[in-house]
Each structure stands twice: as structure tokens, then as C-alpha cells.
Amino acid sequence: MFDDAARILDDMSSNDSSEATKVLSADQATLNQDIQKAKEQEACLIIIRGSPQGHRYFLTQEEMVIGRDAAAEISLLDQSISRRHAKVIKRGEQVFLMDLGSANGTLINDKKLAPNEEKTLSKEDMIKLGNSILKFLPRGELEIIFYGNLGLAAHTDPLTKLYNKRYLMEALDAEFKRAKALHSDFTILFMDLDHFKKVNDTFGHDAGDFVLKEFTTLVRNQCLRPKDIFARYGGEEFVVLMANTGAKAAEELAEKVRAAVELHPFIYEGKRIPVTSSLGLAELQTGIESAQTLLKLADQALYEAKTSGRNRVSVANG
């Protein structure tokens, strides 16, 4: 994909090929839009190796710490790096990288930085921290847009535009390991729309798709926090990963979701569709040794909510 983009850009600077002109005529509008978008983007670091692969961290502040600490501006899901591993510094149009005395060191293009040494970053520099590798792209680079499109396609559910199950499972594993290592709170919320088959059978599948999209927009915009990871697990089932959140706070948030869904007017083609949700949550506790176990506990709590009457929140006992 990147080779094709480079070829198109090269063709733009040459008028000696009629075939190139035909190619540009087909793609010109889209390419011009991407170029304009790129001009508006800040410099960024892109995860080339690590999780989630392809994620972009835009350098929007003068100084941004990179590390596994959840409070770091660029928080990486990698236990092999230090909590405060390195720092990105912006001075005008230039960007610098400084190692903060990390345990495993910081490498730029395989050259290790000395502790507290600053190094100017150039286009496509590869930064290695622990097991993770990040690529630097300066402000305005077209490649920033292409990486964003790739990440969107790989990690997004096409209907709801939420994270898909593939991304969810990667993030779940990483967040679980981080919470275990840092002894921090972590809770999973499992959600399901009640009697959704009846919605499809009564109002049609287009109405069902409308409900799913309306539900996700409502929950994302009015109930969840920016740091929560919201994903479509499959069908009418959804999962929220809540880092640094205990069961009590998670239950309050879950009840907020339940009430919002119950009260929201889901109106399709002039008809109001009754929609409620059941929710189950599970908090990471001592003795839970795998992310899958925690997810299963949340799923069991969801089942309890559904079998005990639906339109309610249930908390796993552990």
C-alpha cells in the first residue's frame, strides 16, 4: 500500500507518462484529500511492533513521557519497559527523544542513547523500547494517514465503528497483564441487548442495525469515559475494559448505561422500538490468573442478569 502511494506521488511530479495521468485522474480527489489531512496532523509515533500494532500517538504536547505507567502520556502495554522509560520533547518543528534512565535502554535505529541524552528524531526513525518498536513520522507526512486507515480497518467493527473482537482480545490480554504487574484495579463489563432477536423479527434487520448503532453511540457519548475500551464482542454483545477501576465504580457506570438505554427513545421509521440491556461485570481479584478467566466471570455475571429478569446489572462473586 505504501509503495503504491509512493508511486502515485512520484507520478505527480512527472508529466511524461499518459498512463500515469490516467491513474491520477481516478485517484486524484482522494489523494488530494489525504494530503490535506496529513498537513493538519501533528508528528506522531506509530507502534510497528507491540500492542496494539499500528496505533498512532500524536505528539500534541511539548513534553510527553513514554512508559508502562498508566499515567504516562504515551502508555505502552509492554512489561519489558520502565514505568517512565523515555521522553519526547518538541521545540518548534523539531522533535527530540530522551532516555530517562530506563532499565533496558532506548535505541534509535539500533543505537543506544545514554541516560538523559537527547537525540533529534528524523523521518522514519525506529525507536526500540523493551520489546516494542515505534516509528517516528514528522508533522504533515502522508504516511500518517495511511497508517490510520490501516489501523481503522484492522481493529474496527464496520457497523458500529467500535473496536472489534480481535482488537478487544489483544487489549484485554495487555491490560490484564499490566493490572497484575502494577497491582492496580481492573474490571470488565459485559453487555447484551435484551430480546434482540425479537427486534429483528418484528421490525426487520435494518431496524436491528439501527438499534445497534444507536446503542453504541448513546453508551459511548453519554456513559463511558475516554479511557474505557469499548468493543463489539459479536452480534448484540459488547464489552468494556475499565483500567484503574474497581467493582464499585464499574457498577455505578454499568447502572448508568442500563438506565440510559431503558430511557432512550429508539425510533426507526416513526416507530419506537423498546430496548433494554443486561450487564455483568467482574473485577480482577487475587487468584484470577488469566484474562480469559476474568472475561468468563463477566460473561457468567451477564448470564445471571439475564436469567434473573433482564434489564439489570449483576456483579460476579469472583
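Here are a few things to note about the model shown:
- Debye, to nearest 20: dipole size of segment 151-211, +1 on Lys, Arg Cβ, -1 on Asp, Glu Cβ: 260 debye
- Under 5 Å between amide hydrogens, built in the peptide plane, is the criterion, and for residue 44 it picks out 59, 137 among residues at least 5 positions away or on other chains.
- Here the Karplus relation 6.51 cos²θ - 1.76 cosθ + 1.60, evaluated at θ = phi - 60°, turns the backbone of segment 116-132 into coupling constants of 6, 7, 9, 9, 5, 8, 10, 3, 6, 4, 9, 10, 10, 10, x, 8, 9 Hz, with x for every Gly and Pro.
- Under 5 Å between amide hydrogens, built in the peptide plane, is the criterion, and for residue 100 it picks out 86, 87, 116 among residues at least 5 positions away or on other chains.
- For segment 186-247 versus segment 165-179, the gap between their alpha-carbon centres in whole angstrom: 18 Å
- Counting only Cβ charges, +1 for Lys and Arg and -1 for Asp and Glu, the dipole size of segment 146-299 around its Cα centre is about 300 debye.
- Backbone HN-Hα couplings from phi across segment 173-182 [Karplus 6.51/-1.76/1.60, Hz, Gly and Pro as x]: 4, 5, 5, 4, 4, 5, 4, 5, 5, 9
- Along segment 217-224 the Karplus relation, 6.51 cos²θ - 1.76 cosθ + 1.60 evaluated at θ = phi - 60°, assigns HN-Hα couplings of 5, 4, 5, 5, 7, 10, 10, 8 Hz to successive residues, with x for each Gly and Pro.
The numbers here are math on the coordinates, done by the rules we state, and not lab data. Fair warning: this is a prediction, and the values are worked out from it, not measured in the lab. Every residue, glycine as well, gets a Cβ built from its backbone with ideal geometry; the counts of neighbours run over all protein chains shown.
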